[in-house]
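Q: The structure is given below, and queries will be raised subsequently.
No lab work stands behind these numbers, since they all come straight from the coordinates. Nothing here was measured: the structure is a model prediction, and the numbers come from that model. Note: ideal-geometry Cβ built from the backbone for every residue, glycine included; neighbour counts use all protein chains shown.
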Amino acid sequence: MNIHEYQGKQLLRDFGVTVPRSKMITKASEAVAAAKELGTKVVVVKSQIHAGGRGAGAIVADEQEAARVFRANLEKEGLPKHNKPGGVQLAKSPQEAGEIAAVLLGGLLVTKQTGASGKRVNRVLIEEGIDIKEELYISMLLNRETGRHMVLASTEGGMDIEKVAEQTPEKIFKAEINPAVGMRDFQARDVAFALGVPAEKISDAVKFLKTLFAAYLQLDASMLEINPLVLKGDGTLIALDSKLSFDDNAVYRQPAMKDMRDSDEEDPREQQAAEFDLSYIALDGNIGCMVNGAGLAMATMDIIHHHGGEPANFLDVGGGADAGKVAAAFKIILQDDAVKAVFVNIFGGIMQCDVLATGVVEAAKQVKLSIPLVVRLEGTNVEQGRKILAESGIKVINATDMTDGAKKAVEAAGLAG
């Protein structure tokens with residue numbers, strides 16, 4: 001689960017982390033009053049979407065223009081060549097803030113992370129201007145290999161941190177935090193020195209960093225990223241940005257998070273899948289996949305790609321799915337117009353093959369399936385499952401194993417396309 005920058009900053013503010021004063025608006029008419037209320041010579045007008053690279057993005061009018069801008073410019077180079085307004089802009093007067101907000105709100109923002117469809121801007125953050133001396137970077141996340149928390153810090157803030165890691169890895173400072181004892185003062189000092197905080201402000205920085213880590217820990221965040229983290233002219237730190245991600249499995253421990261979920265930012269199919277306790281992620285290919293088990297789902301996607309195809313989704317129906325869940329999963333796959341064939345790859349263990357077959361038949365009849373369906377069944381009650389499919393009246397391409405299924409799905413999708 002992701003939340004908006006303004007929501008993340010409010011959470012950090014509640015923990016005592018220093019963040020700029022700001023106000024979220026949904027109407028352009030509110031921007032002038034918000035800028036006047038902040039009272040600084042310069043305010044920043046920031047689009048609120050669940051994607052990075054907003055400042056280098058482009059505000060466009062419709063999906064066609066979004067696709068053109070993305071493919072021609074952002075996808076290739078990561079920098080806009082479009083002479084269009086970006087998603088983060090400076091305003092030198094309240095009136096200018098209102099004008100900028102009017103352009104942003106309702107527009108489609110295209111960045112490297114939004115894909116060619118862009119994301120609709122429904123909220124804008126009006127934020128006070130800050131005396132920026134240096135733009136830094138910091139993030140906190142779990143290192144699953146070591147079972148410890150990891151703090152990543154760099155003096156190269158405001159940039160693509162992946163490029164920094166690839167081209168100049170020596171500029172990224174790493175600190176591992178033992179979850180049993182938390183961030184110690186000496187570790188916070190090491191991070192502060194790595195960020196270039198002046199010696200006379202180190203104690204302030206230690207307090208800031210330990211508070212930030214406490215927020216990350218107590219909020220059950222899977223990642224907390226501040227880019228840029230700003231070193232002000234007076235040597236103190238302030239979180240100029242906020243990106244927080246949460247594991248859905250921990251949301252029950254954070255009641256306030258439910259109200260922060262923005263359904264407009266999420267794929268409707270993923271929301272629908274969650275209602276049926278299905279794991280679904282939309283991808284860019286044309287072969288729909290229905291699999292039981294995350295490992296088998298990943299292997300299925302890999303083997304489809306290996307044989308020249310592209311999966312349209314990751315969908316794990318789980319081991320305990322019933323016919324109703326299977327039917328729901330099938331319908332979700334077929335909501336994607338790009339899907340030209342469906343590959344059902346099931347190894348019957350906890351979930352029996354006859355249950356899966358019944359669900360597939362029910363769904364196929366309800367949606368009046370018109371694209372190729374490739375099915376590979378193996379395991380518990382496999383013969384009963386195959387019999388149900390054979391007697392169903394729906395056209396099924398049977399596969400003897402996973403490789404055979406992947407080849408047939410790729411071929412069928414090509415013919416259908």
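Q: Which percentage, to the nearest 5, of the DSSP beta bridges contained in the chain is antiparallel?
A: 75
Q: Neighbouring Cβ atoms within 10 Å as the yardstick, rank Ile130, Ile332, Ile59 fewest first.
A: Ile130, Ile332, Ile59
Q: For Lys92 and Ile281, FRET efficiency with R0 = 56 Å and r from the beta-carbon atoms, rounded to 0.05?
A: Working: r = 42 Å, r/R0 = 0.76.
The value I calculate is 0.85.
Q: In whole Å, what are the Cα extents of segment 191-341 along the three principal axes, biggest one first?
A: So the extents along the principal axes, rounded to whole Å, are 64, 37, 27.
Q: Hey, another quick one. Express in % the proportion of alpha carbon pairs of segment 218-279 at distances exceeding 17 Å.
A: On the way: 1089 of 1891 pairs.
When every Cα pair of segment 218-279 is considered, 58 percent fall beyond 17 Å.
Q: I need Met1, Met223 ordered by Cβ neighbour count within 10 Å, fewest first.
A: Met223, Met1
Q: Shifting gears a bit: With each label point set 7 Å from Cα along the Cα-Cβ vector, what nm distance links Gln366 and Arg253?
A: Roughly 3.6 nm, to one decimal.
Q: Counting every Cα pair in segment 9-49, what percent are over 12 Å apart?
A: Tail of the P(r) past 12 Å holds 65 percent of the pairs.
Q: For segment 21-128, what does the equivalent ellipsoid look like in terms of its semi-axes, each the square root of 5 times an eigenvalue of the Cα gyration tensor, given largest first in whole Å?
A: So the equivalent ellipsoid measures 25, 12, 11 Å along its semi-axes.
Q: Which angle between 0 and 90 degrees, to the nearest 10, do you get for helix 29-38 versus the longest principal axis of the chain when only C-alpha atoms count?
A: For helix 29-38, the angle is close to 40 degrees.
Q: Given the options Ser139, Ser370, Ser279, state which has the largest fluctuation in a GNM of the chain using a 10 Å cut-off (strictly under) for Cα springs.
A: Ser370
Q: Give me P(r) over the chain, computed from all C-alpha to C-alpha distances, binned every 10 Å, as integer percentages.
A: Result, from short to long distances: 4, 19, 24, 23, 17, 9, 3, 0 percent.
Q: Can you pull the Rg over Rh of segment 265-417, Cα-only, Kirkwood?
A: My calculation of the ratio gives 0.92.
Q: Can I ask one more? Anyone know which of Val60, Val251, Val396 comes out most mobile in the 10 Å Cα GNM of the chain?
A: Val396
Q: Specify the angular offset, from 0 to 90 degrees and rounded to the nearest 10, of the alpha carbon long axis of helix 323-334 from the longest principal axis of the alpha carbons in the chain.
A: 70
Q: Cα gyration tensor of segment 203-249, axes a ≥ b ≥ c as square roots of the eigenvalues: rounded (a/c below 1.5), prolate (a/b > b/c) or oblate?
A: Since a/c reaches 1.5 but b/c is at least a/b, the shape of segment 203-249 is classed as oblate.
Q: Here's another thing I want to ask about it. Given a 10 angstrom Cα cut-off, can you work out which residue in Glu128, Glu266, Glu162 is the most mobile in a GNM of the chain?
A: Glu162
Q: Something else: Cα centroid distance between segment 1-67 and segment 257-299, in Å?
A: When both Cα centres are located, 27 Å separates them.
Q: Sort Met140, Met24 so the one with the fewest other Cβ atoms within 10 Å of its own Cβ comes first.
A: Result, fewest neighbours first: Met24, Met140.
Q: Per the helix-only calculation at 222 nm, which mean residue ellipticity applies to the chain, given -39500 (n - 2.57) for every DSSP H run of n ≥ 4 and division by its residues, nearest 500 deg cm²/dmol?
A: Details: 14 runs with 149 residues, N = 417.
My calculation for the chain gives -10500 deg cm²/dmol from helical runs alone.
Q: Oh, and also: To the nearest 10 degrees, how steeply does helix 402-416 sit against the main Cα axis of the chain, on a 0 to 90 scale?
A: The answer is roughly 80 degrees.
Q: Taking Rh as the Kirkwood radius computed over C-alpha pairs, what is the Stokes-Einstein D of segment 132-258 at 20 °C in a medium of viscosity 1.002 mPa s, expressed in µm² per second?
A: 143
Q: Give a quick list of GluC sites (Glu not before Pro) in segment 371-417 that DSSP marks as loop, anything other than H, G, I, E or B, with at most 16 other Cβ atoms within 10 Å.
A: Within segment 371-417, the qualifying GluC sites (Glu not before Pro) (loop, at most 16 other Cβ atoms within 10 Å) are Glu391.
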